[in-house]
Amino acid sequence: MTQTAKERPLRADAERTVRNILEVAERVLAEDPTASLGQIAAAAGVARTTVHRRFASREALVDAMAAHAFRQVEDAIDVARPETAPPMVALHQITANVIQVKSGWRYAVGQPRLTDPDAVAAHDRIFAKCHLLLERAQQAGLLRPDADLGWARRVYHALIEQAIIESAGGGEDAPGPDALASLVVDTLLGGLGPRG
């Protein structure tokens, strides 16, 4: 059985080229969502044929961007050890890491519908890890025993999105990921923490 181009591992230089195209495409499309593959190629400093060889269409490029971004988000979660670190430590570190990564991939992670199977799978794993973390926080008494964890997850994600907007709009004076993570966690736990 032959492997498809998508499954075949890339050489190191080709992998760097693809990563560069994805990162440049994020910047270009964040500024101009209607930008063409030709504009992205020019900004990346590669021939248009290089982009077309790697990505059959603009949609394929956006799918690859989303898959790459969600893999980075998942890695940012995993490095904070959501299953083993103390829940409060994991919650803060994951929040800071996710704010930092998603701030650099706002266009890719903001797509309304994910179509790439890798992006969908990573997205689903991220949600499962978030739910596990919130369960651990609830068991540790950080969240009320009767808190609806589905609602908590949606609120948590909305707070992270607001933190990303805050970081993007504040220029040099914008709070960093750690300060924003503290705001997100304090708001989440203040609203869902044990009643005093």
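Tell me, which residue of the range 114-145 that is of a type in the set (Gly, Ala, Ser) and crowded, with 19+ Cβ neighbours inside 10 Å is farthest from Met88 (Cα to Cα)? Steps first, answer last, please.
In the first step, residues of the range 114-145 are kept if they are of a type in the set (Gly, Ala, Ser); the result is 119, 121-122, 128, 137, 140-141.
In the following step, the residues that additionally are crowded, with 19+ Cβ neighbours inside 10 Å were identified as 119, 122, 137.
On the way: Ala119: 28, Ala122: 24, Ala137: 7 Å.
Going through the qualifying residues, I end up with Ala119.
With the structure loaded, tell me whether Glu166 is at pLDDT below 90, part of a helix (DSSP H, G or I) and under 20 Å from the mean Cα position of the chain (by Cα) or whether it fails that test.
Considered against the rule, which asks whether it is at pLDDT below 90, part of a helix (DSSP H, G or I) and under 20 Å from the mean Cα position of the chain (by Cα), Glu166 comes out as yes.
Where in the range 18-127 are the helices (runs of 4 or more DSSP H), entirely inside, with at least 1 residues that are under 14 Å from the mean Cα position of the chain (by Cα) and charged (D, E, K, R)? Please lay out each step first, then the result.
Values: elements: 37-44, 48-54, 58-78, 87-103, 106-109.
Filter on the range 18-127 gives 58-78, 87-103, 106-109.
Give me the residue from the range 2-17 that is assigned to a helix (DSSP H, G or I) and surrounded by 11 or more Cβ atoms within 10 Å (Cβ to Cβ) and, out of that set, modelled with the lowest pLDDT.
Looking at residues that are assigned to a helix (DSSP H, G or I) and surrounded by 11 or more Cβ atoms within 10 Å (Cβ to Cβ), I get Ala14.
Which count do you get for residues in the range 82-113 that are among the basic types (Lys, Arg) and either modelled with pLDDT of 95 or more or buried (at least 19 other Cβ atoms within 10 Å of the Cβ) (or both)?
So the answer is 1.
Do we find that Leu133 is without any contact (Cβ under 8 Å) to a residue 60 or more places away in the chain and part of a helix (DSSP H, G or I) in this structure?
yes
Tell me which residues, restricted to the range 130-172, are over 22 Å from Thr84 (Cβ atoms), of a type in the set (A, V, I, L, M) and either out of contact with any Ser or Thr (no Cβ under 9 Å at 6 or more places or on another chain) or outside the structural domain of Ala80 (by TED's automatic domain parsing) (or both).
Correct list: Ala147, Ala158, Ile165.
Considering only the range 59-78, how many residues are aliphatic (A, V, I, L, M) and under 15 Å from Lys102 (Cβ atoms)? Steps first, please.
Going residue by residue through the range 59-78, those that are aliphatic (A, V, I, L, M) are 60-62, 64-67, 69, 73, 76-77.
Subset that is under 15 Å from Lys102 (Cβ atoms): 65-67, 69, 73, 76-77.
Selection size over the range 59-78: 7.
The values are calculated or read from the model by the stated rules, or taken from the named source; none is laboratory data. Here the structure is a predicted model, which is why all the values come from computation and not from measurement. Cβ coordinates were reconstructed from backbone atoms using ideal geometry, including for glycine residues, and neighbour counts include every protein chain displayed.
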